[in-house]
Amino acid sequence: MIPPRLKYTSGALKVLDQRLLPDKVHYLTARDGAQTAAAIKDMALRGAPLIGCAAAFGFAMELRRLAPKNSAQLAAAAKKAADQLKAARPTAVALFYAADRMRDKALAFAAANPGAYGPAQRKALGAMLDREARLVTAEDEAACLAMGRHGAKLLPKNCVIMTHCNAGALATMGIGTAVGVITEGRKAGKVRHAYSCETRPYLQGARLTIWELMRDGVPSELITDNMAAHIIKTCGVNAIVVGADRIASNGDTANKIGTYALAVIAKYHRIPFYVAAPTPTIDLKARDGGDIIIEERSCEEVTYVKGNRIAPKGVKVRHPAFDVTPASLITALITEKGVIKPVSRAGISRQLAK
Ligand code: MRU
């Protein structure tokens, strides 16, 4: 079992600090919107759906802290709190989805309850926002299970599967997206072996995914990212599954840097390349991958490993944290509503209309 990623009471959000995994299970506490945004920005928690869930709780705590005295103050506070959370990281649309959803709930409360607020209105507001945040997490948990089951059906018998980054329980409030497909596939007797790419520079695959796979009893091996093509060619890999941070309306998919390279290798070797992601990952405002903002993170994440410098002092560094895989390289999108195959603008709109 993977330890709980988030533990919420109305005044505090305990966050499993993923920077310390797998060596140490330690929780830090966020008590308002700013502390939640900082935990997201500093990668104490990460993974698109989990960022969204944390933001929902952060919003509820922030509005409790601001204790609006009337509906106009509530409306202003709601917009400010949502903007503060959305500024934490730019690529994962789940963050924007959750913050906007909480803001809209708060704005609806303000519209339905015009005028001055005393303790009773603030209590009702707090309870309503807590309920909504818990709903965001419950929906994520259910979506993970549904994706796992839909995805497992796509896998061949005796499947040797590869994944990248961490799209597991640690990235969600459920069993994970891509890793959920692997573990459900294993339960169905289909998955023989899994490979986790280490995922330079932040090492989500080495620190998190392989840890999850080992704990879930999936026969698995860790490889460095540059071993992927060789392992695919020589070790019978017959499927790749990854998660997503944002999917444009035509199916172009932003995910952890290195995903695009894997999709190209999959195409060359004629093996299916699956993306598992809940529907809030689909950003209809993005016409294609060119509209997706790619986060650039600090140079130190590239030049240092566990506090040790591994490159010359003063070196120039690039660190795009995500890349975009064109829809044409994706065999199918696995969502909680079902599988989209082939991946197309029309297929995506049909699925969202369900
Ligand atoms: O920078 P991270 O660790 O937040 O990036 C995570 C990923 O790229 C995941 O693959 C993605 O968020 C999907 S998580 C279910």
Area of ASP291 that stays accessible when all protein chains are in place (1.4 Å probe, Å², to 10): 80
ALA116/ALA142 FRET efficiency (R0 45 Å; Cβ-Cβ; nearest 0.05): 0.70
So how much slack lies between SER328 and THR224, counting 0.36 nm per residue of separation and subtracting their Cα-Cα distance, in nm? 34.9 nm
Taking only protein heavy atoms into account and a 1.4 Å probe, give the accessible area per residue of region 1-151 in Å². 41
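Quick one: with all protein chains in place, what share of the accessible area of the chain is carbon or sulfur, to the nearest percent (1.4 Å probe)? Don't skip to the end; give the middle numbers.
On the way: 8400 of 14960 Å².
Carbon and sulfur: 56 percent of the exposed surface of the chain.
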Tell me, what HN-Hα J-couplings in whole Hz come from the Karplus equation 6.51 cos²θ - 1.76 cosθ + 1.60 at θ = phi - 60° for each residue of region 75-81, using x for Gly and Pro? 4, 5, 5, 5, 5, 5, 5
Proximal charge balance of LYS153 [Cβ under 11 Å; K/R count +1, D/E count -1]: +1
Using a cut-off of 15 Å between beta-carbons, work out the net charge of the residues near ASP83 (Lys and Arg +1, Asp and Glu -1, ASP83 not included). +3
The simple spin-label model distance between VAL264 and MET128, using points 7 Å out along Cα→Cβ, in nm, is 5.1
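About its Cα centre, how strong a charge dipole does the chain have in debye, to the nearest 20, once Lys and Arg get +1 and Asp and Glu get -1 at the Cβ?
Working: 50 positive and 30 negative charges, 55 e Å.
So the magnitude is around 260 debye.
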To check you understand DSSP bridge types, tell me what percent of the beta bridges within the chain (both residues inside) are antiparallel, rounded to 5. 55
Please give the solvent-accessible surface of TYR274 in Å², to the nearest 10, using a probe radius of 1.4 Å with every protein chain present. 20
Label-to-label distance, nm, for residues given as LEU284 and ALA108 (7 Å Cα→Cβ offset): 1.7
Under a Cβ-Cβ cut-off of 12 Å, what is the net charge of the residues other than ILE223 that fall near it, where Lys and Arg count +1 and Asp and Glu count -1? -2
Work out from phi, with θ = phi - 60° and the Karplus expression 6.51 cos²θ - 1.76 cosθ + 1.60, the ³J(HN,Hα) of each residue of region 325-333, listed in order in whole Hz, and give x for Gly and Pro. 9, x, 3, 5, 9, 9, 5, 7, 9
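Treating only the Cβ atoms of Lys and Arg (+1) and Asp and Glu (-1) as charged, compute the dipole magnitude of region 213-275 about its Cα centre; round to the nearest 20 debye.
140
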HN-Hα J couplings of region 149-156 from phi, Karplus 6.51/-1.76/1.60, θ = phi - 60°, integer Hz, Gly and Pro as x? 6, 4, x, 4, 5, 7, 6, x
Please identify which residues in region 5-43 have an amide N closer than 11 Å to a label point set 7 Å out from the Cα of SER298, following the Cα→Cβ vector. 42-43
Dipole of the chain [Lys/Arg +1, Asp/Glu -1 at C-beta], most positive-end residue of ALA332, ALA143, ILE310: ALA143
To the nearest 20 Debye, how big is the dipole of region 59-129 about its Cα centre, given +1 on the beta carbon of each Lys and Arg and -1 on that of each Asp and Glu? 160
Zone residues, region 45-63, relative to ASP23, backbone N less than 18 Å from point 7 Å out along Cα-to-Cβ: 45
Can you list residues whose amide H is under 5 Å from ASN70's amide H, if they're 5+ apart or on another chain and H is modeled 1.01 Å from N? TYR117
Antiparallel versus total DSSP beta bridges in region 149-352: what percent is that, nearest 5? 40
Using a 1.4 Å probe on heavy atoms of the protein chains only, the accessible area for ASP23 in Å², nearest 10, reads 120
Restricting to bridges with both residues inside region 149-270, how much of the DSSP beta-bridge set is antiparallel, in percent to the nearest 5? 20
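The values are calculated or read from the model by the stated rules, or taken from the named source; none is laboratory data. Quick caveat: nothing in here was measured; it's all calculated off a predicted structure. With ideal geometry, Cβ positions are generated from the backbone for all residues, glycine too; neighbour counts draw on all protein chains shown. To get the accessible areas, we keep the full protein, side chains included, count just its heavy atoms, and leave off ligands, DNA and RNA. Shrake-Rupley method; radii C 1.70, N 1.55, O 1.52, S 1.80 Å.
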